[in-house]
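The structure appears right after this line, and notes come after that.
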Amino acid sequence: MANRLANKVALISGGARGQGAAEARLFVQEGASVVLGDVLDKDGERLAAQLNRVGAKECALYLHLDVSKAGDWERAVAATERQFGGLDILVNNAGILSLAGIEQTSEDDWQRVIDINQKGVWLGMKAVVAAMRKRSGGSIINISSIYGLIGSGGSAAYHASKGAVRLLTKTAALEFAGDNIRVNSVHPGIITTPMVEGIDRELRAGILSLVPVRREGRPEEIAYGVLFLASEESSYMTGSELVIDGGYTVA
Ligand SMILES: NC(=O)c1ccc[n+]([C@@H]2O[C@H](COP(=O)([O-])OP(=O)(O)OC[C@H]3O[C@@H](n4cnc5c(N)ncnc54)[C@H](O)[C@@H]3O)[C@@H](O)[C@H]2O)c1
């Protein structure tokens, strides 16, 4: 199947690398125009240039977007509408990891994780709904985590933020159902990206030992789930949780 996102415009936060970059590549392959918003300007600009070389038309734009800042979101949505004529899909993908437990987490670290992982998702949804209403609907995909579903005995702020994303998704789904804007969450397991590559080797091996299929996931394996939720194929899904974790949360 091709062109599953023909004529659609998507804004992907944290789109410069990792899962966000995999989603951008797949979305372009499926006919979408994509706006990558990130704080890694060099990586984002490089990826947008690559995508524009591959596509038949100018299909990608990079913008500096710090998801914790309302003004950045407003500018990103305005630029998306100016460049591509509207906005249909938001992937709230940007995120940071903190492995610290409750006693080890400082107030500053707590706030930073909450500002990016939790407040950033709220600000993103708030910023895009007016643009989506102009298109008579849309699809918002919020990237939570298996750590938004179960505990792990560490990563206190990360769990708090990702658990919040799960329920924020459900309340947004109810709030925007009448606008034909669907809102779903995705819960990746351990996926090979720079985020996981930054984890200490022993701890990473320990986490991997809990995965029934005995391997980390690839960013593309998340991107295909996000593509499904972005496309009309999931038109009867809203407020749902898509778990893609190699069986991690089954036991
Ligand atoms: N990799 C995993 O195992 C895993 C598992 C579950 C959930 N997740 C979630 O998936 C999402 C993508 O993570 P990834 O694995 O690709 O990691 P990554 O670190 O490779 O990518 C995260 C991206 O978010 C960007 N970002 C960070 N702070 C930002 C900010 N303030 N504003 C805008 N962008 C910002 C980073 O620059 C980076 O490009 C995150 O929300 C993460 O929490 C990852």
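The values are calculated or read from the model by the stated rules, or taken from the named source; none is laboratory data. Keep in mind the model is a prediction, meaning the values are calculated, not measured. Glycine gets a Cβ as well: all are built from the backbone with ideal geometry, and neighbour counts include every protein chain shown. Remember, those area values only see protein heavy atoms, side chains included, never the ligands or the DNA or RNA. Shrake-Rupley method; radii C 1.70, N 1.55, O 1.52, S 1.80 Å.
See the values below:
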read-out	value
Lone qualifier among Ser161, Ser155 - being touching a Leu at 6+ places or on another chain (Cβ under 6 Å) and more than 28 Å from Ala2 (Cβ to Cβ)	Ser155
The one condition in (1) at positive phi; (2) within 13 Å of the ligand (Cβ to nearest atom) that Arg166 fails to fulfil	(1)
Neighbours by Cβ (under 6 Å, 6+ apart or cross-chain): first from segment 131-156, touching a residue at least 40 places away in the same chain (Cβ under 8 Å); second assigned to a loop (DSSP other than H, G, I, E, B) and open to solvent by less than 10 Å² (accessible area, probe 1.4 Å)	Ala131/Leu87; Arg135/Gly86
Members of segment 196-223 that are in contact with a helix residue (DSSP H, G or I) (Cβ under 7 Å, 6 or more places away or on another chain) and open to solvent by 70 Å² or more (accessible area, probe 1.4 Å)	Glu220
Residues located in segment 9-30, provided they are open to solvent by 20 Å² or more (accessible area, probe 1.4 Å) and free of Cβ contacts under 8 Å to residues at least 60 places away in the same chain	Val28, Gln29
In segment 214-251, residue farthest from Gly178 (Cα to Cα) [restricted to those that are in contact (Cβ under 8 Å) with a residue 24 or more places away in the chain and hydroxyl-bearing (Ser, Thr, Tyr)]	Tyr248
Condition met for Val211 (touching a residue at least 40 places away in the same chain (Cβ under 8 Å), within 11 Å of the ligand (Cβ to nearest atom) and touching a strand residue (DSSP E or B) at 6+ places or on another chain (Cβ under 9 Å))	no
Any hit, segment 33-47, residues being under 21 Å from Glu221 (Cβ atoms), open to solvent by less than 30 Å² (accessible area, probe 1.4 Å) and in a strand (DSSP E or B)	yes
Residue match in segment 177-186 (condition: open to solvent by 60 Å² or more (accessible area, probe 1.4 Å) and near the ligand (Cβ under 10 Å from one of its atoms))	no
Residues within segment 230-251 that are away from the ligand (no atom under 14 Å from the Cβ) and either in a helix (DSSP H, G or I) or open to solvent by less than 30 Å² (accessible area, probe 1.4 Å) (or both), tallied	7
Residues located in segment 82-110, provided they are surrounded by fewer than 14 Cβ atoms within 10 Å (Cβ to Cβ) and either over 30 Å from Gly153 (Cβ atoms) or out of contact with any helix residue (DSSP H, G or I) (no Cβ under 9 Å at 6 or more places or on another chain) (or both)	Arg82, Gly85, Ser106, Glu107, Asp108
Extreme residue, nearest to Gly246 (Cα to Cα), among residues of segment 118-157 that are of a type outside the set (Val, Ile, Thr) and in contact with a Phe, Trp or Tyr (Cβ under 7 Å, 6 or more places away or on another chain)	Tyr147
Which listed residue, of Thr192, Thr169, is touching an Asp or Glu at 6+ places or on another chain (Cβ under 7 Å) and under 28 Å from Val9 (Cα atoms)	Thr192
